[in-house]
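The values are calculated or read from the model by the stated rules, or taken from the named source; none is laboratory data. As the structure is a computational prediction, the values presented were derived from the model and not from experiment. A quick note on method: Cβ atoms are made from the backbone with ideal geometry, for glycine too, and the neighbour counts reach across all protein chains shown.
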Amino acid sequence: MSLSNPKLRKAFADKQALKIITGLSNFDIHKIIQVAKAAEIGGATYLDIAANIDIVKAVKQITDLPICVSSIDPVELCKCASVGADIIEIGNFDIFYNKGINFSESQVLDLAKEVRVLLPNIDLCVTIPHIFTLSQQLCLASNLEDIGVDILQTEGMSTKFSNVHDNLQYLCQSITQSSSALSSTYILSSLVDIPVMTASGLNSLSAAIAACYGASGIGIGSAIISLENTYDMSIYIDEIVSSMHCQQLSTINQHSLVMQRSVFSSTSV
């Protein structure tokens, strides 16, 4: 793993990376700082904020968390890197989907190549558009790895639901919203050797199972932004961190049990 930031490198290696997305079209500095403080208190790994140099400077002053900026504009990304952004991400495609504008595989790849040349020494993440077929996503992921991209991020299409009235409905909503991103994560993580992050539609329930699909980290935004104060946000983030940790321990215990059974079987023969 080639990530330059030691904290990020360890979190992704442990499949425990948690990115809090403040809103990539959110330029409300007061709300962004509120979320940033909650992320630090709750134990998140890093922040994803709008690609704006003034916002990057402001957030760097109030938190030690690594900062990611997302854009499709190489100039914006370069400016943010110059004032301390730790990760640059080619993404934020949602605002274009809503306008009926889609990107092709070659456009995403060419953009990644351009940014990699301009910024060869900074950690680079690229979002794989969910509008692509799985075969297109696989091809693009392989090509992105070949040109030196450090992290891939999957996305999915969120589904709107009415108010949730019971636990079963909440479970169904969680699965539906995250299923697209998790499916892509499962396929891509089996092909590439770089970390794959899952985003779009995740919450405290679905976050815990992302690692089972091969995710090295998750990104959560709307579930946090919708909360009203720093305390509630930090509690929610802490719940996610705890659930991810419990899932990791469960996986380790399962592997240990399999090894014990294997040893027992071999000695019994």
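The set of residues from region 65-113 being within 22 Å of residue 36 (Cβ to Cβ) and hydroxyl-bearing (Ser, Thr, Tyr) comprises 70, 71, 82.
For the criterion of being crowded, with 17+ Cβ neighbours inside 10 Å, basic (Lys, Arg) and not in a helix (DSSP H, G or I), residue 19 passes. It is to be established whether one or more residues within region 101-114 are small (Gly, Ala, Ser) and part of a loop (DSSP other than H, G, I, E, B). Taking every residue of region 101-114 in turn, at least one turns out to be small (Gly, Ala, Ser) and part of a loop (DSSP other than H, G, I, E, B).
Residue 84 meets all of the listed conditions (1) out of contact with any helix residue (DSSP H, G or I) (no Cβ under 7 Å at 6 or more places or on another chain); (2) at positive phi but one, namely (1). For region 124-142, a residue qualifies if it is in a strand (DSSP E or B) and over 15 Å from residue 219 (Cβ atoms), and exactly one does: 124. Can you find even one residue in region 85-96 that is at pLDDT 95 or above and in a helix (DSSP H, G or I)? So far as region 85-96 goes, no, none of its residues is at pLDDT 95 or above and in a helix (DSSP H, G or I).
Quick grid of which residues meet (1) of a type in the set (A, V, I, L, M, F, W, C); (2) touching a Ser or Thr at 6+ places or on another chain (Cβ under 8 Å); (3) surrounded by fewer than 23 Cβ atoms within 10 Å (Cβ to Cβ); (4) free of Cβ contacts under 8 Å to residues at least 40 places away in the same chain:
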position: 32; (1), (2), (3), (4): yes, yes, yes, yes
position: 40; (1), (2), (3), (4): no, yes, yes, yes
position: 49; (1), (2), (3), (4): yes, yes, no, yes
position: 62; (1), (2), (3), (4): yes, no, yes, yes
position: 65; (1), (2), (3), (4): yes, yes, yes, yes
position: 85; (1), (2), (3), (4): yes, no, no, yes
position: 102; (1), (2), (3), (4): no, no, yes, yes
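Among residues of region 22-62 being in a loop (DSSP other than H, G, I, E, B) and of a type in the set (Val, Ile, Thr), the one that is modelled with the lowest pLDDT is 22. For the subset of region 1-16 comprising residues that are surrounded by 17 or more Cβ atoms within 10 Å (Cβ to Cβ) and assigned to a helix (DSSP H, G or I), which member is farthest from the chain's Cα centre (by Cα)? Per the criteria, the residue is 9.
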